[in-house]
Ligand code: BTN
């Protein structure tokens, strides 16, 4: 009932009659009053006015199942939400949820991750109250070789979600980091389960730095948050909701061609280092060239000094600016 009342308060935007709530849920006025008090304890500013009812004056930056459900307005992406106050890793969690049959579009969000995972076996620092640690479950009916492009689709979605919520333009560092003022603001980790080459499910985990005031020594030169860069606080649930909305749209475009044909222009517009020299660090060695953006397969085209072009495919490759992280 708490979630539904919160949803109604948000949808109405004005007064919600206590009497109507009692009738709708078949409960007493005291029961409704108790729910309102619970919401107030969580930080929602709710005013009760005699003969008018309850009105929601402001929403805090809290993450909860109810808050997420009342903020996300999509058909499928994030429509089934699991929220954890604390978990090892939302990627690991959602894999378990996938194994137990949860549907395409299920989203797991955590306040704290004890074992947040980054790419290449690194860990992902995930303290409470300051970031978005979330994983989306997909059950795409596509060729497994195309699945790595879903990371790019998510990078685009996070960039647009941040823009819609905050007005801030972030850039994409191919394939899947988001940067703001040349520092990392979001990382994405995609994992896949296949059987006989067929995709069982794909998990896309995103870590978005929202309100950190600082970072551990090892990453403080390259990591940043929306708060550090803008001095402003943003509501994490709104960002989650906008990312899910954007993902739903971009995913549809992706599925039409099973590649980045419809998205590459927008991706390249947001690409950091486009037209600049980049250093490609591949297991076979490193080389530099000019970044010309992605092609429809999601590979980064790099023009070498002799004028030839090479396609860099994501995986164990990392691309950076010649002078540092970007
Ligand atoms: C990277 O840039 O190295 C990828 C970082 C991905 C972090 C997110 S946070 C939510 C999800 N759960 C995890 O354990 N990792 C991803």
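Tabulated values for the structure
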quantity	calculated
Global geometry of the range 280-326, whether rounded, prolate or oblate, following the gyration tensor of its Cα atoms and the 1.5 cut on a/c	rounded
Burial order of peptide ranges 302-313, 201-212, 176-187, 56-67 (average beta-carbon count within 10 Å, highest first)	201-212, 176-187, 56-67, 302-313
Within the chain, helix-based [θ] at 222 nm, where runs of 4 or more DSSP H residues each add -39,500 (n - 2.57), nearest 500	-9500 deg cm²/dmol
Kirkwood Rh in Å, taken over all unlike Cα pairs in the range 108-177	14.0 Å
Shape of the range 171-326, Cα gyration tensor, a/c cut at 1.5	oblate
Largest-first principal axis extents, alpha carbons of the chain, Å	78, 46, 34
Ranked by how many other beta carbons lie within 10 Å on average, peptides 238-251, 149-162, 93-106 from highest	149-162, 238-251, 93-106
Hydrodynamic radius by Kirkwood, which averages 1/r over all alpha carbon pairs of the range 236-326, in angstrom	14.5 Å
Cα gyration tensor shape for the range 55-153, rounded if a/c is under 1.5, else prolate or oblate	oblate
Contact order normalised by residue count of the chain, Cα under 8 Å, 6+ apart, percent	14 percent
Point-to-point label distance, residue 296-residue 100, nm (Cα→Cβ direction, 7 Å offset)	4.2 nm
Part-to-part distance (alpha-carbon centres) for the range 1-34 and the range 111-185, which is given in Å	36 Å
Potential extension, residue 192-residue 31 segment - 0.36 nm per residue separation minus Cα distance	53.5 nm
Per-selection metrics, the range 143-215 (Cα): Rg and Dmax in Å	14.1, 46
Globularity index of the range 2-58, i.e. its alpha-carbon radius of gyration over 2.2 N^0.38 Å	0.98
Euclidean distance of C-alpha centroids, the range 244-317 and the range 43-104, integer Å	34 Å
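No lab work stands behind these numbers, since they all come straight from the coordinates. Because the structure is a prediction, the values reported are computed rather than measured. FYI the Cβ positions are ideal-geometry reconstructions off the backbone, even for glycines, and counts take in every protein chain you see.
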